[in-house]
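Student: Structure in structure tokens, see below.
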Amino acid sequence: MAAFGSTRDATRNILHTESYLAQEGDRGSPRELDVFTFEREVVNGTIKVYNATRRKQRVREWCMALKAELKEPASHVEILDEWYSKFLECHFQPNKKVEELVNEVCGVIERIPRVVDEFHDPLVDQPYSLYDAEYFLPDSKPCWETLRVTNFVSRNVLRIAIQIQIVLGGDSNYAEHYRLLLDATAEALREMISLSREDPWPGWFIVRAFFWTSWQRGTSLYHYYVLKEQLTWGYDEHRDVIKTPLQGSDMMRIAENLNRARADACHPPYICKWALRLLREDKAVVGQDYRRFFERLSQAFSDREARCVISSDGEPAACDGRQPGKCLRLSGMRITNQSAHAPDCDGRSCSSLYWNEESWRGVGGAAAVSLVLGTDGRLNYVQASSKTVAVSHVWSHGQGGRPEDEGGTGLNSCLFRRYSRVAEMYGCDSFWMDTPCIPSDHVLRGEAIANINLIFATSKLTLVCDKDLMAIDFQDEDIATKEAIVSMVLVCDWNVRAWTLLEALRGRQNIHILCKNDVVVSLKDVLMDVCNQGSIDIAALFLSAQHLLPSQAYIHGLGNDHPYQSSQWIVNRRKGFVEIKEAAGLLSHRQASRPGDAVIIWSLLCGDTVFDKAEDIWRNQQGRGVPSGWLVSSYERLSVKGLSWAPSRPNFSLHGEDSPTDYDKLLLPYHGIETRVSAITERGLHGDWWAYRFKVKRTAWERVLERFTGGCLPLERAAGGYLDGETWCATLRPLHTYRRDVWVPHPRRLSKAVFAVVASDDGEAWRWKGVLELDEGVVLPQFRTMGFLIE
């Protein structure tokens with residue numbers, strides 16, 4: 001067993017007893033990790049796979065068997081650790097000295113929170129004071145922080161840490177093994193939560209605390225490993241193990257609700273709750289601990305007033321994270337363009353620099369600002385290149401505007417000097433920024449936008465300018481300052497805007513941050529330092545912003561002349577473009593100020609071609625597929641034949657009378673990774689669903705039979721409200737990718753029965769009608785697997 005003080009001895013013992021030593025005559029080495037799961041087991045040499053019902057039974061049986069072993073409080077830690085250790089069989093093959101490994105493992109363990117966030121339900125669990133003293137550390141007050149199980153590092157957590165240190169930076173990837181272990185842990189933990197509500201045995205709380213602690217520590221190590229690998233090799237959206245999220249988001253919501261009061265008290269008032277929502281809802285950060293993240297932001301911005309909304313009493317406040325249309329950071333704030341100035345400028349002696357239109361037109365849409373002004377004092381332009389600094393900023397922070405004399409704002413001369421200095425510092429001859437480089441004229445603007453991808457992708461570096469990041473003093477370069485930068489990048493205004501998302505994704509190879517006094521720092525270097533030396537729980541949150549990590553070069557074993565290398569799919573992959581549903585996921589909580597820009601940005605995240613109509617984006621996807629689960633959402637659809645199923649935009653609009661007011665009441669899409677892929681064809685969307693199909697227009701005899709059998713089912717009545725006179729209706733649920741006749745519930749509505757509603761005149765070609773939500777307990781008819789062509 002390993003309390004924090006004895007982690008070193010426990011690690012050394014595990015390496016001594018569980019390392020593989022080659023023996024003469026061995027034909028090969030055993031697998032380094034074998035993970036136990038409740039889904040399958042080996043019986044007499046055959047792998048047996050269980051269905052969902054039997055799987056749940058196995059979890060409960062295992063939990064009850066564990067309960068039977070826990071008779072004496074004095075031995076509870078040893079028994080819990082012994083049972084949990086059976087989830088993993090290890091045959092380590094160390095590639096370095098034992099003491100070196102021990103030092104590395106202990107160093108990593110010390111950088112995760114000593115005690116994980118509390119999971120104690122006063123409505124279910126008895127008060128701490130009623131538990132036996134053997135459950136707590138000696139001479140301590142009974143509470144969560146003094147439980148022996150919360151101060152104990154389980155064998156499996158140490159095993160994960162050991163294997164991470166062995167394989168980091170190597171050719172083998174063990175992320176899937178760690179995920180299987182953590183998902184099996186989450187299954188057991190979920191059943192323990194249910195049992196603690198059904199069974200009055202108070203020991204369930206102690207058992208749950210042990211597994212909750214191990215699961216949270218394990219997720220921190222898992223995310224640390226994935227991030228380290230991505231920082232080493234680069235990020236590739238198609239090889240992203242995080243695309244399959246960890247189980248446990250439901251348990252995290254329970255814990256968050258239990259700790260709501262304490263979490264609200266820790267929440268820095270200055271931080272936008274909509275930005276925090278973007279972070280928390282990312283599938284990559286399930287199981288993460290936010291306490292030190294909040295602490296670092298509170299320390300860095302303790303003197304700042306909130307600026308999301310103005311309360312009824314006239315005081316500035318943070319928004320509620322539910323109504324982005326009412327957050328002034330996102331819309332509605334009145335900002336004077338070019339009101340921002342460099343630190344060395346008082347604003348009074350600063351002049352405006354306007355464009356040389358002839359120079360801009362001579363270069364065209366890829367024009368960047370030359371560091372040399374014209375003899376008339378106007379901005380000159382050169383072709384953007386690898387010697388260009390691409391500036392990515394937030395308009396509402398005062399650097400926005402347009403370059404023309406008439407109707408424009410020009411660029412403050414102090415800002416020209418600032419970006420010229422940065423460009424010269426990195427050996428560049430120009431800088432690009434939308435204010436001086438994108439004209440107001442519709443045609444010229446379109447030409448400039450068409451070149452944004454190229455400009456950011458080929459630039460020497462992308463310089464991020466955000467007022468909060470620019471307030472961080474990097475003079476000391478200590479780890480706390482670096483943690484503050486990483487934390488603020490995730491919730492700053494720059495990270496929640498749509499255009500800056502595009503700029504960051506295309507310029508991800510070399511992103512730099514502008515800090516206080518115009519100090520420039522490399523984002524990757526800062527993140528690497530936090531990952532290697534700082535709080536792992538802060539670094540791991542950056543997996544929610546993987547689009548800011550340098551992309552992974554695609555290397556094909558057959559060489560560049562192979563046809564697969566030259567296909568558009570491979571070309572786009574090497575450029576760092578993402579799939580259409582991944583692009584929509586990135587934009588789901590990010591907005592653009594101009595109506596219509598969201599669709600343009602959506603298209604540019606997927607490729608170099610600019611589309612300003614969603615219909616054209618989807619037509620361009622013919623021959624590809626989309627996960628059926630991702631389609632089940634409240635997003636508006638296209639009213640175009642063949643595309644009635646296709647979302648008309650990647651997010652909800654904040655503009656117009658129909659803009660949503662409360663995101664908690666809307667059904668946002670989810671990744672849909674474990675659901676079957678439907679094919680996008682010229683006629684429409686073709687794929688299999690778990691479906692119930694019924695006839696709406698019935699004959700007289702069918703109506704008599706309906707009355708005799710008890711009338712129309714509740715599902716039919718509810719779905720009927722979506723129809724416009726069609727003869728047939730069907731309610732659909734997404735099917736699991738490989739499990740036969742198994743449907744996948746919507747993770748954002750686990751307490752509801754969610755269906756897509758489609759209708760047809762002939763029972764052959766169907767039209768998308770909307771999404772229906774019913775209470776989970778409603779009586780449902782018999783569903784079965786059916787194929788549908790949705791036009």
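The values are calculated or read from the model by the stated rules, or taken from the named source; none is laboratory data. Keep in mind it's a predicted model, so treat the numbers as computed, not measured. Note: ideal-geometry Cβ built from the backbone for every residue, glycine included; neighbour counts use all protein chains shown.
Student: Read through the list (1) of a type in the set (D, E, K, R); (2) assigned to a loop (DSSP other than H, G, I, E, B); (3) assigned by TED's automatic domain parsing to the domain that holds A188, then give the number of the only condition that D250 fails.
Tutor: (2)
Student: Quickly run through the range 31-48 and pick out the residues that are charged (D, E, K, R) and in contact with a strand residue (DSSP E or B) (Cβ under 8 Å, 6 or more places away or on another chain).
Tutor: Residues satisfying the conditions are E32, D34, E39, R40, E41, K48.
Student: Among what's in the range 479-515 and is among the charged types (D, E, K, R) and touching a residue at least 60 places away in the same chain (Cβ under 8 Å), pick the residue that is nearest to R111 (Cα to Cα).
Tutor: So the residue we want is E483.
Student: Something else: Which number in (1) among the small types (G, A, S); (2) out of contact with any Lys or Arg (no Cβ under 8 Å at 6 or more places or on another chain); (3) part of a loop (DSSP other than H, G, I, E, B) marks the one condition that G427 misses?
Tutor: (2)
Student: Being acidic (D, E) and under 31 Å from the mean Cα position of the chain (by Cα) narrows it down to one residue among E69, E100, E78, E32; which is it?
Tutor: Matching residue, one of E69, E100, E78, E32: E32.
Student: Further, regarding this structure: Can you name every one of the helices (runs of 4 or more DSSP H) wholly within the range 449-521 that holds 2 or more residues which are under 22 Å from A306 (Cβ atoms)?
Tutor: Of the helices (runs of 4 or more DSSP H) lying wholly inside the range 449-521, those with at least 2 residues that are under 22 Å from A306 (Cβ atoms) span 479-491.
Student: Another one. Out of S75, S85, which single residue is out of contact with any Gly (no Cβ under 9 Å at 6 or more places or on another chain), closer than 21 Å to R179 by Cα and surrounded by 12 or more Cβ atoms within 10 Å (Cβ to Cβ)?
Tutor: Of S75, S85, the one residue that is out of contact with any Gly (no Cβ under 9 Å at 6 or more places or on another chain), closer than 21 Å to R179 by Cα and surrounded by 12 or more Cβ atoms within 10 Å (Cβ to Cβ) is S85.
Student: Another question, then. Scan the range 206-223 and tell me whether some residue there is farther than 22 Å from K86 by Cβ and assigned to a helix (DSSP H, G or I).
Tutor: Yes: one or more hits.
Student: Can you tell me which residues in the range 392-421 are within 34 Å of the chain's Cα centre (by Cα), surrounded by fewer than 19 Cβ atoms within 10 Å (Cβ to Cβ) and either aliphatic (A, V, I, L, M) or in a loop (DSSP other than H, G, I, E, B) (or both)?
Tutor: Passing the criteria: only G398.
Student: Only one of (1) touching a Pro at 6+ places or on another chain (Cβ under 7 Å); (2) not in a helix (DSSP H, G or I) fails for L297. Which number is that?
Tutor: Of the numbered conditions (1) touching a Pro at 6+ places or on another chain (Cβ under 7 Å); (2) not in a helix (DSSP H, G or I), the odd one out for L297 is (2).
Student: Across the range 590-606, which residue is surrounded by the fewest Cβ atoms within 10 Å (Cβ to Cβ) among those that are more than 20 Å from the chain's Cα centre (by Cα) and among the charged types (D, E, K, R)?
Tutor: Here the answer is R594.
Student: What are the residues in the range 525-558 that are within 30 Å of R417 (Cα to Cα) and either at pLDDT 95 or above or in contact with a Phe, Trp or Tyr (Cβ under 6 Å, 6 or more places away or on another chain) (or both), if any?
Tutor: D525, V526, L527, L549
Student: Let me ask another. Looking at G362, G377, can you tell me which residue is free of Cβ contacts under 8 Å to residues at least 24 places away in the same chain and exposed (fewer than 14 other Cβ atoms within 10 Å of the Cβ)?
Tutor: G362
Residue-by-condition table, conditions (1) modelled with pLDDT under 85; (2) touching a Gly at 6+ places or on another chain (Cβ under 9 Å); (3) hydrophobic (A, V, I, L, M, F, W, C); (4) buried (at least 18 other Cβ atoms within 10 Å of the Cβ):
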residue	(1), (2), (3), (4)
I271	no, no, yes, yes
A275	no, yes, yes, yes
D289	no, no, no, yes
E295	no, no, no, no
S298	no, no, no, no
S311	yes, no, no, no
C319	no, no, yes, yes
T336	yes, yes, no, no
P343	no, no, no, no
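Student: List the pairs whose first member sits in the range 31-45 and is in the same structural domain as A188 (by TED's automatic domain parsing), whose second member is surrounded by 14 or more Cβ atoms within 10 Å (Cβ to Cβ) and among the acidic types (D, E), and whose Cβ atoms are under 7 Å apart, counting only residues at least 6 apart or on separate chains?
Tutor: Note: pairs meeting the criteria are D34/E89; F38/E187.
Student: Now for a separate question. For the range 151-181, give me the residue count where each residue is part of a helix (DSSP H, G or I) and under 28 Å from the mean Cα position of the chain (by Cα).
Tutor: Number satisfying all stated conditions: 19.
Student: I've got another one for you. If you check R12 against the conditions, is it in a helix (DSSP H, G or I), within 30 Å of the chain's Cα centre (by Cα) and either surrounded by 11 or more Cβ atoms within 10 Å (Cβ to Cβ) or assigned by TED's automatic domain parsing to the domain that holds H177 (or both)?
Tutor: Considered against the rule, which asks whether it is in a helix (DSSP H, G or I), within 30 Å of the chain's Cα centre (by Cα) and either surrounded by 11 or more Cβ atoms within 10 Å (Cβ to Cβ) or assigned by TED's automatic domain parsing to the domain that holds H177 (or both), R12 comes out as no.
Student: Out of all the residues in the range 607-632, which are among the polar types (S, T, N, Q) and surrounded by 22 or more Cβ atoms within 10 Å (Cβ to Cβ)?
Tutor: Within the range 607-632, just S628 meets the criteria.
Student: Could I ask something else about it? Going by what's in this entry, would D608 be described as assigned to a loop (DSSP other than H, G, I, E, B) and of a type in the set (D, E, K, R)?
Tutor: yes
Student: Please work out if T219 is assigned by TED's automatic domain parsing to the domain that holds V108, touching a residue at least 12 places away in the same chain (Cβ under 8 Å) and closer than 30 Å to I79 by Cβ.
Tutor: Answer is yes for this residue.
Student: Among (1) farther than 27 Å from Q509 by Cα; (2) at pLDDT 95 or above; (3) surrounded by fewer than 18 Cβ atoms within 10 Å (Cβ to Cβ); (4) touching a helix residue (DSSP H, G or I) at 6+ places or on another chain (Cβ under 7 Å), there is one condition W355 misses while meeting the rest; what is its number?
Tutor: Evaluating W355 over (1) farther than 27 Å from Q509 by Cα; (2) at pLDDT 95 or above; (3) surrounded by fewer than 18 Cβ atoms within 10 Å (Cβ to Cβ); (4) touching a helix residue (DSSP H, G or I) at 6+ places or on another chain (Cβ under 7 Å) leaves (3) as the failure.
Student: While we're here: Say whether the condition of being in contact (Cβ under 8 Å) with a residue 24 or more places away in the chain and at positive phi is met by at least one residue in the range 168-175.
Tutor: Yes, the range 168-175 contains at least one residue that is in contact (Cβ under 8 Å) with a residue 24 or more places away in the chain and at positive phi.
Student: Looking at the range 137-160, can you tell me whether even one residue there is aliphatic (A, V, I, L, M) and free of Cβ contacts under 8 Å to residues at least 12 places away in the same chain?
Tutor: no
Student: A follow-up question, please. Here is a list of conditions, (1) within 30 Å of P127 (Cβ to Cβ); (2) touching a residue at least 60 places away in the same chain (Cβ under 8 Å); (3) assigned to a helix (DSSP H, G or I); (4) of a type outside the set (V, I, T), and W201 meets all of them except one; can you say which number that is?
Tutor: For W201, the failing item is (3).
Student: Would you confirm, using the coordinates I've provided, whether D429 is under 22 Å from W355 (Cα atoms), touching a strand residue (DSSP E or B) at 6+ places or on another chain (Cβ under 8 Å), of a type in the set (D, E) and free of Cβ contacts under 8 Å to residues at least 60 places away in the same chain?
Tutor: yes
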